[in-house]
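Working notes, beginning with the structure itself.
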Amino acid sequence: MFKIFTKTARSLQLNHMLRKIGSKGWKSQLSMIILSTGRRFATDSKTPMAKSNPWPEDVGILALEIYFPSQYVEQTDLEKYDGVEAGKYTVGLGQTKMGFCSDREDINSLCLTVVQRLLERNHVPYTSIGRLEVGTETIIDKSKAVKTVLMQLFEDSGNTDIEGIDTTNACYGGTASLFNAANWVESSSWDGRYALVVCGDLAVYASGSARPTGGAGAVAMLVGPNAPLALETGLRGTHMQHVYDFYKPDLSSEYPVVDGKLSILCYLTALDQCYAVYRKKIQAQWQKAGMDRPFTLDDFQHVVFHTPFCKLVQKSMARLLLNDFLSNPNLNTRNGIFQDLQPFRDYKLEDTYFDKDIEKAALKASQAVFNEKTKSSLFLATQNGNMYTPSMYGCLASVLARNSARQLAGSRIGAFSYGSGLASSLFSIQVSQDSAPGSPLDKLVSSLSDLPDRLDSRKKVKPEEFTEIMKLKEETHHLMNYVPQGAVEDLFPGTWYLDKIDEKYRRVYARCPLTGDGVNKS
C-alpha cells in the first residue's frame, strides 16, 4: 500500500548485519554497505542506532493493523430472536453489531492474517523482526504456542532468530506482550530490530444473556524507537489480584464461567487502583520538574479502555471523573461539571460501586468529557463487539481512524487494560508532534482510514444462521480428522483459514487470494 519504514528498516537491517559480521573485516563490510545505500550509516537523525545515546528514545507503536471477521449479526435482530425487551443489547450494552467467526477461523488463522497484513501493507522485511510476542486467552493447544504457528510466515526469509512467546491472562495478555516488547527494545538485549506484538481472540459464550457480549478479532503492532505513538516512560499504574470473576476451567469447551456482577466490580476497582498509582507516578515526575499540581482527566486528550461492552466504558469514564472529585477537596463544585456531584462529597470511593444515585450523577457530569475523549474510540467496538486481548487496541485504532494526524499531534492518550483473574494496568501514550504529510504519524493514521469501509463490507447474517454456526463450533471443538464447513468465499481477501485438522490434531492453514471473484472485498 505504501512504504513507511524505508529509512528506519534499512538502518535496523544494517545494524543487524554488522552485529553478525563481527570484528574481523568490519570496516570493509561497512564501506560496501554504505555504498549500497547511497548514504552514510550514522548521519541520519531518524536512525535509531545512529545516536550516541545507548538508550533508544520514544519507544512505542510504529504501525498498527487490525483484523475482524467478515460476518456479523445485528444486535436488534438478536434481541427479537432471544425474546428480550427492545434495547436490552443496543441500549443496555451499547452494542449495535457483533462480529463472529465460522469454524474456518481460529486463533492461529486470525493471528496469521493480521501479521501478514501488517508486514505486507507497510513493506516491513521479515528479517527486520527480532521479537514476536502473542497475547491471547484462546487456547487450542496446551503446549504449542500461537507464536510458533506464526513462524511459518518467516520461513522464506530464513529468519528464525526471533525471541518471544505467548502470554496469557484473560484480556490482559496483549498489554503484557506490549510491555515486554517495549522493555526488550529499551534493554541491553536489543539487537536493533523491530518487535512485533500480536493480540487476538475469539470471544464466545454459551447461549444466554452473555452471548451478545461476544466478538472476535486480532491486532498487530510494530514496536520500535522514534515511534509516533510512544509509551511514556515510568508511567504505568498496575493492579493485580486473585479473584474468580471470569475464568475457563473446562479445557474441553470454549465457554467461560462468568460472575457478571463480580466482574464489573473487579473492573471498576482495578480502574480506581490503577488511576491512583498512575497519578502518583506522574505527579512525582512533575514535582521533580518543578511543577506541583494534581493530575486530572484534563491532562488526557483521549482515553481508551478495555471494552467488554460499550456501556461499561461510559461508566468507566464517569468513574475516573468521580476519582478526580473525591481525591481533590479543593475543586470548585459550585459551577461546572462537578456541580451535580457535590452531595456526595463525603463518600468514600470504595462505597460507591453500586450506588445508583452516584452512578447517575457521575454519568451526567462526565457526558461532555466522554464525548470529547472516549466516544470516538468505540467506533469499532460497538460494531464488532468484545475482542478480549485486542479490545483496547481496537479502541486505539478507532481513535486513529476517526481523527486526523493534525488533531492527534502532541496529545496524551490514557489506556486502561484489564484482564479477569485479575491483571490490569493504566498507562499513557504520547503522540508525536509531527503531523506533516508523510510523517510517521500521518502514515499511521492514513493506514487505518479504511476502517469504516471494511466494516461496511461485511456480510450480515441472520440470528438463526448465527446460532447454527455457534452450535456447529460447539460440537466440533477439538475434533481430529475434521474438515471445516464454513464458506471460504465469504472471507476477506488475504485471510488465512483452517483448511483441515488431521488424525493427529495437526492443523493445516491456507490463505485466500488477495483479490478474486466472489471474495468479500474490504
### Task
State the antiparallel share, in %, of DSSP beta bridges confined to segment 60-464, rounding to the nearest 5.
70 percent
### Query
How large is ³J(HN,Hα), in whole Hz, for each residue of segment 146-153 in order, when computed from phi with the Karplus curve 6.51 cos²θ - 1.76 cosθ + 1.60 and θ = phi - 60°, using x for Gly and Pro?
4, 4, 5, 5, 5, 5, 5, 5
### Solvent exposure ordering (accessible area, 1.4 Å, most first) of LYS504, LYS97, LYS315, LYS142
LYS142, LYS504, LYS315, LYS97
### Message
I'd like the accessible area for SER188: 1.4 Å probe, protein heavy atoms, all chains in place, Å² to the nearest 10.
### Response
120 Å²
## Note on the structure
With a 18 Å threshold on alpha-carbon distance, the violating pairs from LYS261/LYS373; LYS80/LYS460; LYS315/LYS460; LYS261/LYS311; LYS348/LYS373; LYS97/LYS315 are LYS261/LYS373; LYS315/LYS460; LYS348/LYS373; LYS97/LYS315
### Task
Compute the distribution of all C-alpha to C-alpha distances in segment 60-464, in bins of 20 Å from 0, and list the percent of pairs in each, rounded to whole numbers.
27, 59, 13, 0
### Summary
If amide H atoms are modeled at 1.01 Å from N in the peptide plane, then the residues at a separation of 5 or more from THR167, or on another chain, having amide H under 5 Å from its own are VAL134, GLY135, THR136
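Rounded to a whole number, what % of the accessible area of segment 441-522 do carbon and sulfur atoms account for, probe 1.4 Å? Don't skip to the answer; put the middle values down first.
Details: 2160 of 4440 Å².
Carbon with sulfur: 49 percent of the solvent-accessible area.
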## Note on the structure
Output for segment 452-522: chymotrypsin sites (Phe, Trp or Tyr not before Pro) sitting in coil per DSSP, at most 16 other Cβ within 10 Å, listed by number, reads TYR505
### Message
In whole Hz and in residue order, list the ³J(HN,Hα) couplings for segment 61-76 that follow from phi through the Karplus curve 6.51 cos²θ - 1.76 cosθ + 1.60, θ = phi - 60°; x for Gly and Pro.
### Response
8, 8, 8, 9, 10, 10, 10, 9, x, 8, 9, 8, 10, 6, 5, 5
### Inter-label distance, nm, simple model (7 Å from Cα along the C-beta direction), ASP259/ASP340
3.2 nm
### Query
Out of residues 5 or more away from PHE305 or on other chains, whose amide H comes under 5 Å of its own, with H placed 1.01 Å from N in the peptide plane?
PHE416
#### Entry: FRET efficiency, 1/(1 + (r/R0)^6) with R0 45 Å, evaluated for LYS364 and GLN433 via beta carbons
0.80
### Task
Might you report the magnitude of the Cβ-based charge dipole of the chain about its Cα centre, with Lys and Arg at +1 and Asp and Glu at -1, to the nearest 20 debye?
1720 debye
## Note on the structure
In terms of the charge dipole of segment 60-464, which places +1 on Lys and Arg and -1 on Asp and Glu at the beta carbon, the residue among LEU396, LEU331, GLY410 farthest towards the positive end is LEU331
### Net lengthening on full extension, MET240/THR160 (0.36 nm per residue, minus Cα-Cα)
25.4 nm
#### Entry: Within the chain, helix-based [θ] at 222 nm, where runs of 4 or more DSSP H residues each add -39,500 (n - 2.57), nearest 500
-11000 deg cm²/dmol
### Query
Could you give the length gained on full extension between GLU468 and ASN371, defined as 0.36 nm per residue of separation minus the Cα-Cα distance, in nm?
31.1 nm
### Task
Report the extension gain between ASP453 and GLU120 in nm, rounded to one decimal, defined as 0.36 nm multiplied by the number of residues separating them, less their alpha carbon distance.
117.9 nm
### Summary
Computed ³J(HN,Hα) along segment 390-402: with the Karplus parameters 6.51/-1.76/1.60, θ = phi - 60°, integer Hz and x for glycine or proline, the list is x, 3, 5, 6, x, 5, 4, 4, 5, 4, 5, 6, 9
### Message
For a protection proxy built on the mean count of beta-carbon atoms within 10 angstrom, sort 472-479, 117-124 highest first, please.
### Response
117-124, 472-479
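The values are calculated or read from the model by the stated rules, or taken from the named source; none is laboratory data. All values derive from a computational prediction rather than experimental measurement. Note that we place each Cβ from the backbone using ideal geometry, even for glycine, and neighbour counts take in every protein chain shown. We work out accessible area using only protein heavy atoms, side chains counted, and drop any ligands, DNA or RNA first. Shrake-Rupley method; radii C 1.70, N 1.55, O 1.52, S 1.80 Å.
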